[in-house]
Amino acid sequence: MVTIEIPASIVEVLKEMERTKPLEQKFRELIIREVEGRILRYEMMIEFFESKYGMGFKDFDERGIVEKLGHTWDVERDYFDWEMAVTELEYLKEALRRLTSN
């Protein structure tokens, strides 16, 4: 267990929300909702790129699509954004598993 200082204004608001739940549970639920929101955002990004290029990131990378499309700024930016989304999604799903397994 780690002890942190939380501003009184935040604690007051949390206490007013769902008064029957312990503060720790409220924090956990807030973090879970934030992680779920980020998961949704990255899933949407991945779906956008999959739709745009007609394949998953692994195929996009292995087929050398960036090179085939001439290393344009847009394609390279898509590559890095897509890679980041895939990586973050994997991390966030694992984080969510850890948060919800306790």
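FYI, it's all coordinate maths here, none of it is from the lab. Here the structure is a predicted model, which is why all the values come from computation and not from measurement. Because the Cβ atoms are built from the backbone with ideal geometry, glycine has one as well, and the counts that use them run over all protein chains shown.
Given the options R19, R41, R98, R28, name the one that is assigned to a helix (DSSP H, G or I) and loosely packed, with under 11 Cβ neighbours inside 10 Å.
Matching residue, one of R19, R41, R98, R28: R98.
If you check every pair at least six apart or on different chains, which have Cβ atoms under 7 Å apart with a residue in the range 62-78 that is more than 12 Å from F49 (Cβ to Cβ) first and a residue that is surrounded by 10 or more Cβ atoms within 10 Å (Cβ to Cβ) and among the β-branched types (V, I, T) second?
Filtered contacts from the range 62-78: V66/V75; L69/V75; E76/V66.
When you scan the range 45-55, do you find a residue that is part of a helix (DSSP H, G or I), in contact (Cβ under 8 Å) with a residue 40 or more places away in the chain and basic (K, R), even just one?
no
Please give the number of the condition L69 fails out of (1) of a type outside the set (D, E); (2) more than 24 Å from L89 (Cα to Cα); (3) in contact with an Asp or Glu (Cβ under 6 Å, 6 or more places away or on another chain).
That leaves (3) as the condition not met.
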